[in-house]
Amino acid sequence: MNCFLIAADRGAARVQALAKHAQGLGYTVSYVADVAALHRDRTFAKARTPLVLMPEEAGAAPGAVAEAAIQLARAEQGRAFVVHVAAALAPDLYKALVRSQSGEWIGWDNAAGELREVTRTLGATEPAESNARIVSFLPSKGGVGNTTLTVETGMRLSSRRKQPLRVALLDLNLQGGTLADALDIEPRFDIAEIAAQPERLDEQLVDVFTSRHTPRLDVFACPPRRIAFDDVPPAILFTFIDTIARRYEAILIDLPKAWVPWIDNILQGSDAVVLSGGATVPALRALTQSLAHLDTLEIPADRLAVAVNACDVDLLGRIAHRDQIERPLSGRSVFCLRRDGATANAALDAGRSLLEMAPNARLTRDLGRVAEWCGTAAKLA
Ligand SMILES: Nc1ncnc2c1ncn2[C@@H]1O[C@H](COP(=O)(O)OP(=O)(O)OP(=O)(O)O)[C@@H](O)[C@H]1O
Ligand SMILES: [Mg+2]
């Protein structure tokens, strides 16, 4: 267990006593001079749920250390835990610190006891719990409803009655993605900005890139501007995904049809993959080709589903020729979704999800089954 003690004067008696208290609780204590030094510290970057102690400094402006502690707790939410040590703290600063859910204040008088109390539950919080599960949606062909599937799954998982999740939708159709349009929100994920200056990527920039659809559903989609895939180093994308993973329980990725090598890395790093396709003969051929590629990536069978969209239905509303569709896909988890252009396009035109616009439509229920599978396969239940 790592503890980082931020103190300009590490010789001060109170600071040394604080370090001892932390050591007594089983922490390995490192001193750092300030927050900037903390961010440069590789041990800190790699540590699992590190504890950061920020005692008030003699001579510092009142509240300055508390403000810095709040900022750090917000930036590190869900990963590090920040404890501000001070004789007193203004109520509004205390509120802000606690609301970050990654910070607390303790007094000097009973610092040992309070530190024990505050850190008691920290070791028990597995960082894996605070890391989002990733579900990727891969189209085997253009226009097969990949974005619709991503959006509807996100809406379901973020609004389900039992354990609604905090969900991010990430549109990686870097040129001309339509995910933000589908929900009628302004895209803000300006990837060109971080491609040019990767060092600028921090929690504040993530805030700037976030488009909020509901309190539990955020969207990261690129504004329409010309950017070549090659201009975006894959490492930037992976760092971005890692950065937002701390904020959500699920990240749903709308992948582009055009293949680029990093898509394979994303697929291999996903907890579940939905391959979308169509039901016509050429569309099914494209589906089996994509499946053959996915098999080379060794995606485990229980993490891979095939969504065959826009299937014809018979007079009773059942999927027509289901056996013909499923035969080449035997051994896979297959979901057939009916064709219902009127409902799908009405939602698109309104910039709303099908779940909101037509919750009882049979297509909406078909989509719901895919979302349910995603929840189970990615262990989001
Ligand atoms: N089951 C369905 N029945 C009829 N139309 C549908 C169905 N699902 C989606 N659509 C419609 O198909 C069109 C394409 O949908 P969507 O944008 O989700 O596909 P996509 O695979 O993401 O396309 P793109 O290749 O452009 O990214 C939209 O007009 C959508 O409303
Ligand atoms: Mg799309």
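The values are calculated or read from the model by the stated rules, or taken from the named source; none is laboratory data. This structure is a prediction, so every number in the text was calculated from the model and none was measured. Note: ideal-geometry Cβ built from the backbone for every residue, glycine included; neighbour counts use all protein chains shown. For the accessible areas, the whole protein counts, side chains as well, though only heavy atoms, and no ligand, DNA or RNA atoms are used. Shrake-Rupley method; radii C 1.70, N 1.55, O 1.52, S 1.80 Å.
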**Message:** With only alpha-carbon atoms in the gyration tensor, what are the semi-axes of the equivalent ellipsoid for the chain, in Å, largest first?
**Reply:** 47, 20, 19
**Message:** For the chain, take the longest principal axis of its alpha carbons; what is the angle in degrees between that and the long axis of helix 281-296, to the nearest 10 within 0 to 90?
**Reply:** 40 degrees
**Prompt:** If you count, for each residue, the other Cβ atoms within 10 Å and average over each peptide, how do 94-106, 231-243 line up from highest to lowest?
**Reply:** 94-106, 231-243
**Complete:** Log10 I(q)/I(0) at q = 0.13, 0.17, 0.22, 0.23 Å⁻¹ for the range 2-127, from Debye over equal alpha-carbon scatterers, is -0.44, -0.80, -1.49, -1.67
**Asked** Relative to the longest principal axis of the chain, what angle (0 to 90°, nearest 10) does the C-alpha long axis of helix 362-377 take?
**Response** 50 degrees
**Fill in**
In nm, the gap between the two label points placed 7 Å beyond Cα toward Cβ at Glu186 and Ala36 is 3.3 nm
**Prompt:** Using unit Cβ charges (K, R positive; D, E negative) and no other charged atoms, how large, in debye to the nearest 20, is the dipole of the chain about its Cα centre?
**Reply:** 960 debye
**Contour excess over end-to-end distance, with Cα ends at Asn265 and Asp230 and 0.36 nm allotted per residue** = 11.0 nm
**Message:** Per residue, how large is the accessible surface of the range 321-371? Use a 1.4 angstrom probe and give square angstrom.
**Reply:** 55 Å²
**Prompt:** Carbon and sulfur: what percent of the range 131-377's accessible surface (1.4 Å probe)?
**Reply:** 49 percent
**Fill in**
Of the candidates Trp259, Ala88, Ser140, the farthest towards the positive dipole end of the chain (Lys/Arg Cβ +1, Asp/Glu Cβ -1, centred on the Cα centre) is Ser140
**Partner lysines for Lys162 [C-alpha distance under 26 Å; skip if fewer than 8 residues away on the same chain]** = Lys379
**Request:** Please go through the range 175-256 and write out the trypsin sites (Lys or Arg not before Pro) that DSSP classes as loop and that have at most 14 other C-beta atoms within 10 Å.
**Result:** Arg225, Arg226
**Message:** Please compute the length gained on full extension between Thr43 and Thr243, using 0.36 nm multiplied by the number of residues separating them and subtracting their Cα-Cα distance.
**Reply:** 70.3 nm
**Fill in**
Pseudo-spin-label distance Ala87 to Arg369, built 7 Å along Cα→Cβ, given in nm, is 6.9 nm
**Request:** Using label points projected 7 Å from each Cα along Cα→Cβ, tell me how many nm separate Ala17 and His321, to one decimal.
**Result:** 8.1 nm
